[in-house]
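What follows is a short report on a single structure.
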Amino acid sequence: MTSEIPLHAFVAMPFGTKPGHDGAPIDFDRVYRDLIQPALSEAGYTVFRADQERRAGDIRTDMFQELLVADLVLADLTLDNPNVWYELGVRHALRARGVVLIQGPRPTQPFDTYTDRKLRYSVAAGGPDPATLAADRRALTKMARETRAADAARIVSPVYKLLDHLREPPWRELLLSQRNEFSEAYEAWQRRLEVARQKNRVGDLLVLAEETPTQALWLEGKRAAGRCLMKLRHFKFALEQFEAALQADPADKESRERLAVCLGRVGRPEEAREAAHALTDDYPDDPEAWALAGRVLKEDWVQRWRQEGATSEEMSNAAALTLAPLEEAIDAYQRGFIAQPAHYYSGINALTLRVLHRHLGGDGGAAAIDNLAGGVAWAALSAQQRNRTDYWARASCAELALLLRPLDSVLREFRAAVVAANRDWFALDSTLQTLHLLRDLGFRPDETAAAIHVVQSEIVRARGPSSPRQVLLFSGHMMDAPARPQPRFPPAMEAAAAQRIAAALDALGAGGEDIAFSQAASGGDLLFLEACQQRGVRCVVLLPFEEPEFITASVVPAANGEQWRERFFAMKERLADPLREMPAEIGPTPRGVNPFERCNRWLLYTALGWGVDKTRFVCLWNGGGGDGPGGTQHMYNEVKRRTGRVTWIDTRTL
């Protein structure tokens, strides 16, 4: 999914009219208005200058926040202005890159930035020279774009160049304690993001990610959506989120780690191994990097012998012929455990695979198994002491019991572990996957079966997410208003459109195992929802406004508007899920954004979040182009690009 990365620029420069080095006045407000602001806007940045903040209080509050979180800081060094130099120094101390230097006419170059690349602009009659202004704008736009596109590893700040071991601070840890406009907006955004994350609402997460004011927040939203999709096992769509995040920041460690996992899950094992090895090269002392490499190698090994319908004996025999890849996975996990002995996740995986290696006829390694078992037990028990509700520590102890201890110990440990899970379906399901691996290889069948029974019983009680057979998505024209000058969907077409929508749903076999997403405007939306409800499809309605405003804007303006209002309320009465209103769910529509297009993006992402391969798009559309992101054409192209499962009802043929 392609989306514009929100970019934010902060400008450090003199304000008002100041004498230049030759004594002639320079109007820096004109420099900002005529040169800097339009050039940076053309490069894709929202531009902010400290004097634009008019609230009472200390102007430094917003200035410091901007210097920390802005994707780009532009400093105008025409004059030796102490405020500008101070702000440039703060930025150089906080961030290693993302600085553009410009200057007007001056006789000498400041020593501290003498060798730094600068853009020089011309001045005439106290402002930007009209003869060169267009060229100066183009040059500044180009410079801003090149700075953005430069390798993320390229350091601009002289502070970070000279101090090799200095690392940028996590920006979230440096949000100012004094509340300001940015922190208030961030906190509101973070609250909405957290609610969406807890409810596993991928569509909400993706819309919120697209609406952030800075790249840092955009990355956070993409990662959150990707994590949520991974939990739902929609790895192909999750992969898109991490690929997009890495286009913005190729060094983002979490995105690199999760991308490697997704590559393995979508059947690209060679790329997954390469991504994992690159991480261990870059982070040789990081247990998470080694654990990830072990996970990728383990999944590659499992794919070599696991076959649908094969018996346990057949799979064990096949696995016994692939011990070399298994040994690679063991080595990776062990290196993670050695790097940090408290990292019990690496330890228990190394132990489980080593025990399986022996089970499949490999060299015994009894001493190594005993040593690992003792280390894992200590690490996991210590973690439990630190946090009594740590499910993964308890699950590791349970897995340790299954590997080495009698049945009564296995039952006791797994019963304690599932209580600690607190009905976390995803955590329990992850444990179940490990147990299925042991079952498929015939490892301690009685003990493994008992552990599976305990975990499966708790999964049933946890009530994991339901998975619809199909996800039906609709977008289409509203019924024409009586005064519409050029008919697009007049009342005379209603019967034919309803018939075609019904036929499309019947061709898809729509029924009670499916879920449908749509707005509820008069015309196509309501015809689609009525047809779905007649077939027992679970319908979820997403509205761009609160219900009364939506009815006023999108239901009653149509011809026979009062009849459409009654049909709206009749449809609503039959809904199993309450209407979802966009302002309440994901916040007010940002300035300059069309709420209907935003709602269509919300619909699209929500449908795809249930499973790209399950999404079926039905559209009632005249084929007209020109609508922006979130329009029917955008939805048509996005779904078709992924699945090709699109039913287009062309209103020109009705």
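The values are calculated or read from the model by the stated rules, or taken from the named source; none is laboratory data. Values in this document were obtained by computation on a predicted structure and should not be read as measured data. Here the Cβ is made from the backbone with ideal geometry for all residues, glycine too, and neighbour counts use every protein chain on show. Remember, those area values only see protein heavy atoms, side chains included, never the ligands or the DNA or RNA. Shrake-Rupley method; radii C 1.70, N 1.55, O 1.52, S 1.80 Å.
For every residue, the table says whether it meets (1) acidic (Asp, Glu); (2) over 23 Å from His234 (Cα atoms); (3) touching an Asp or Glu at 6+ places or on another chain (Cβ under 6 Å).
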site	(1), (2), (3)
Leu263	no, no, yes
Gly267	no, no, no
Leu292	no, no, yes
Arg295	no, no, no
Glu299	yes, no, no
- If only one of Arg145, Arg172, Arg201 is modelled with pLDDT of 80 or more, out of contact with any Lys or Arg (no Cβ under 9 Å at 6 or more places or on another chain) and open to solvent by 70 Å² or more (accessible area, probe 1.4 Å), which one is it? Arg145
- Message: Out of the residues in segment 431-469 meeting the condition of being touching a Lys or Arg at 6+ places or on another chain (Cβ under 8 Å) and among the acidic types (Asp, Glu), tell me which one is nearest to Ala395 (Cα to Cα).
- Response: Glu458
- Output for Cβ contacts, cut-off 9 Å, separation at least six or different chains, first residue at positive phi in segment 542-566, second assigned to a helix (DSSP H, G or I), reads Asn560/Pro491
- Item | Meets criteria (in contact with a Leu (Cβ under 9 Å, 6 or more places away or on another chain) and open to solvent by 20 Å² or more (accessible area, probe 1.4 Å)) for Asp390 | no
- Which condition number in (1) of a type in the set (Gly, Ala, Ser); (2) part of a helix (DSSP H, G or I); (3) in contact with a helix residue (DSSP H, G or I) (Cβ under 9 Å, 6 or more places away or on another chain) is the one that Ala492 fails? (3)
- Item | Tally of residues being free of Cβ contacts under 8 Å to residues at least 60 places away in the same chain and either of a type in the set (A, V, I, L, M, F, W, C) or open to solvent by 40 Å² or more (accessible area, probe 1.4 Å) (or both) across segment 422-436 | 10
- Query: Can you find a residue in segment 532-542 that is in a helix (DSSP H, G or I), open to solvent by 30 Å² or more (accessible area, probe 1.4 Å) and modelled with pLDDT under 95?
  - Reply: no
- Message: Looking at segment 492-524 only, could you name the residues that are open to solvent by less than 10 Å² (accessible area, probe 1.4 Å), in contact with a Leu (Cβ under 9 Å, 6 or more places away or on another chain) and either under 26 Å from Pro595 (Cα atoms) or not acidic (Asp, Glu) (or both)?
- Response: Ala497, Ile501, Leu505, Ile515, Ala516, Phe517, Ser518, Ala520, Gly523, Gly524
- Check off (1) in contact with a Leu (Cβ under 8 Å, 6 or more places away or on another chain); (2) closer than 25 Å to Asp281 by Cβ; (3) open to solvent by 40 Å² or more (accessible area, probe 1.4 Å) for Tyr333 and give me the number that stays unchecked. (3)
- Query: In this structure, is Ala251 open to solvent by 10 Å² or more (accessible area, probe 1.4 Å), at pLDDT below 95, aliphatic (A, V, I, L, M) and under 30 Å from Arg167 (Cβ atoms)?
  - Reply: yes
- Task: For segment 221-235, enumerate the residues that are in a helix (DSSP H, G or I) and open to solvent by 20 Å² or more (accessible area, probe 1.4 Å).
- Result: Arg223, Arg227, Met230, Lys231, Phe235
- free of Cβ contacts under 8 Å to residues at least 12 places away in the same chain, on the phi < 0 side of the Ramachandran plot and part of a loop (DSSP other than H, G, I, E, B): does that describe Pro578? yes
- Message: Can you tell me which of (1) under 26 Å from Gly609 (Cβ atoms); (2) not in a loop (DSSP other than H, G, I, E, B) is the one Ala497 doesn't meet?
- Response: (1)
- Of the residues that sit in segment 597-654 and are among the hydroxyl-bearing types (Ser, Thr, Tyr) and under 19 Å from the mean Cα position of the chain (by Cα), which one is modelled with the highest pLDDT? Thr606
- Query: Which condition does Pro341 not pass, out of (1) open to solvent by 60 Å² or more (accessible area, probe 1.4 Å); (2) in a helix (DSSP H, G or I), if it passes all the others?
  - Reply: (2)
- Query: Do we have any residue at all in segment 366-380 that's small (Gly, Ala, Ser), within 24 Å of Ala320 (Cα to Cα) and surrounded by 16 or more Cβ atoms within 10 Å (Cβ to Cβ)?
  - Reply: yes
- Query: So which of Ile348, Ile369 is modelled with pLDDT under 95, of a type in the set (A, V, I, L, M) and in a helix (DSSP H, G or I)?
  - Reply: Ile369
